[in-house]
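Have a look at the structure below, then the notes.
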Amino acid sequence: MKVLLIGGAGYVGSVLTEELLERGYSVKIFDRFYYGDKGIEKFRDRVEIIAGDMREMKPEILEEVGAVVNIGGLSNDPTAEYNPKANYEMNTLATKLSAELCKKAGVKRYVFASSCSIYDVGVKDEEKDIIFDETAKVSPKAAYSSSKYEAEKILLSMKDKDFSPVILRKGTIYGFSYRMRYDLVVNTFVKDALTKGYITPFYGGEMWRPLVDIRDVAKAYILCIEAEDEKVSGEIFNLVYRNFRISELALRVRSALKSIGIDIDIRPDYRYRGVRSYRVSGEKIKNRLGFIPAISVEESVIDMVEKIKKYNCMNFEDPVYYNIRWMRTLEKADQIIKITGKIF
Ligand SMILES: NC(=O)c1ccc[n+]([C@@H]2O[C@H](COP(=O)([O-])OP(=O)(O)OC[C@H]3O[C@@H](n4cnc5c(N)ncnc54)[C@H](O)[C@@H]3O)[C@@H](O)[C@H]2O)c1
């Protein structure tokens, strides 16, 4: 079967592409290539690639496609807040467009990348600090989480006997990808450890965060593609290895690094910076699909250190590793190109 990955050249997409190919799937990648194509360079000759904007997706893109995974769009709070209009167009409206095209083309299974940040309750209200499952009432306010939530509602309302949307609300991801990101908490800790010799949990590390390894994420997507309709159609699944306080996470990263001979300090910053905090339950995906994320933070950190050296992702100052910095850089370049016509 051919799987279309919308946003397939991104951090998650690169790992998912590899996992799908290993399992014998054909892969078609439709991506705007904001962060270049380093993530899928290795598989270039084994995948079909279509460069384009998901806001202008055409029916032809679904030719020969048996299932769609939508992991495209703006993928964190800072980029969503930087351009809320583009964020809404990509994360919500383009999701609707692609789902409508799927329905017309008879592509039944559609898996959507949502986020546990939909559950964010902040750190100020202890009473709200509970473990949320998929039935919890949510009212996300931030541009990113509300765009995901709106998209979820649209997709679920489109469910029928010929269209099976599945929503994966993922915790914050950690781990190595050929398209690396250092703006995700564990990956940031590793980058800081290697560049500065210390890591800094904000707000004393008091906030909670559900976390999950990128290879477990890829496996969960494949399960959602393969599962019987009765189990997944119109369903929301949280995806989490464990919920951690960021302070505990810092200790775990430090001990993992120590085990490979890297000694670092933890230097908390106690200032309040409007941090996100939430805990979620991963029971539903376990009970319904038998899926239990297995890769620990420690294992992932050790693997990450080895691979960022091996695959030459050590130029930590390159803005391409940080989505918001990269978007700003692209905008600046765009303004100059509008004047000069070209760079050289
Ligand atoms: N990384 C995480 O911790 C995390 C957690 C929860 C949910 N998610 C969601 O999972 C998905 C994948 O995240 P990621 O970390 O791989 O993000 P990413 O930013 O690395 O990848 C997103 C990809 O989508 C592409 N894209 C963006 N806008 C596009 C457009 N208009 N048209 C076509 N392609 C476009 C980008 O070029 C990029 O390749 C996103 O939807 C994100 O919101 C990520």
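Below is a table of values for the structure above.
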read-out	value
Selection status of LYS141, within 13 Å of the ligand (Cβ to nearest atom), without any contact (Cβ under 8 Å) to a residue 24 or more places away in the chain and over 20 Å from ALA220 (Cβ atoms)	no
Residue match in the range 6-24 (condition: more than 7 Å from the ligand (Cβ to nearest atom), in a strand (DSSP E or B) and under 20 Å from GLY106 (Cα atoms))	no
Enumeration of residues in the range 59-78 that are in a strand (DSSP E or B) and crowded, with 18+ Cβ neighbours inside 10 Å	VAL65, ALA67, VAL68, VAL69, ASN70
Where PHE30 falls short, out of the listed (1) out of contact with any Asp or Glu (no Cβ under 8 Å at 6 or more places or on another chain); (2) under 12 Å from ALA218 (Cα atoms)	(2)
Residue identified as on the phi > 0 side of the Ramachandran plot and surrounded by 19 or more Cβ atoms within 10 Å (Cβ to Cβ) among GLY171, GLY175, GLY204	GLY175
Residues (surrounded by fewer than 22 Cβ atoms within 10 Å (Cβ to Cβ) and either within 15 Å of the ligand (Cβ to nearest atom) or in a strand (DSSP E or B) (or both)) located in the range 158-168	ASP160, PHE163
Residue tally, condition closer than 23 Å to LYS2 by Cβ and assigned to a strand (DSSP E or B), over the range 89-116	5
Whichever residue in the range 38-58 is closer than 24 Å to LEU101 by Cβ and within 17 Å of the chain's Cα centre (by Cα) and, among such residues, is modelled with the highest pLDDT	MET54
Checking PRO319 against (1) closer than 21 Å to ALA80 by Cα; (2) in contact (Cβ under 8 Å) with a residue 40 or more places away in the chain, the condition it does not meet	(2)
All positions within the range 289-342 that are more than 16 Å from the ligand (Cβ to nearest atom), among the hydrophobic types (A, V, I, L, M, F, W, C) and under 30 Å from ASN243 (Cβ atoms)	LEU289, PHE291, ILE292, ALA294, ILE302, VAL305, PHE316
Test: residue in the range 91-108 that is within 8 Å of the ligand (Cβ to nearest atom), in contact (Cβ under 8 Å) with a residue 12 or more places away in the chain and farther than 25 Å from SER277 by Cα	yes
Among (1) on the phi < 0 side of the Ramachandran plot; (2) surrounded by fewer than 24 Cβ atoms within 10 Å (Cβ to Cβ), the one test that VAL111 misses	(2)
Some residue of the range 29-39 being under 18 Å from VAL111 (Cα atoms) and either touching a Lys or Arg at 6+ places or on another chain (Cβ under 7 Å) or without any contact (Cβ under 8 Å) to a residue 24 or more places away in the chain (or both)	no
All strands (runs of 3 or more DSSP E) inside the range 190-264 with 1 or more residues being within 17 Å of the chain's Cα centre (by Cα), modelled with pLDDT of 95 or more and aliphatic (A, V, I, L, M)	208-213, 235-239
Hits in the range 28-37 - residues which are buried (at least 20 other Cβ atoms within 10 Å of the Cβ) and either at pLDDT below 95 or closer than 20 Å to TYR311 by Cβ (or both)	ILE29, ASP31, TYR35
Those residues of the range 258-286 which are among the polar types (S, T, N, Q) and surrounded by fewer than 16 Cβ atoms within 10 Å (Cβ to Cβ), in sequence order	SER259
Candidate set: the range 40-58, residues that are touching a residue at least 60 places away in the same chain (Cβ under 8 Å) and more than 12 Å from the ligand (Cβ to nearest atom); chosen: the one surrounded by the fewest Cβ atoms within 10 Å (Cβ to Cβ)	GLU41
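Conditions tested, residue by residue: (1) closer than 29 Å to GLU298 by Cβ; (2) in a helix (DSSP H, G or I); (3) touching a Phe, Trp or Tyr at 6+ places or on another chain (Cβ under 8 Å).
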position	(1), (2), (3)
ALA136	no, no, yes
LYS141	no, no, no
ASP183	yes, no, yes
ASN187	yes, yes, yes
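The values are calculated or read from the model by the stated rules, or taken from the named source; none is laboratory data. Predicted, not measured: the structure shown is a model, and the values here were computed from it. Note: ideal-geometry Cβ built from the backbone for every residue, glycine included; neighbour counts use all protein chains shown.
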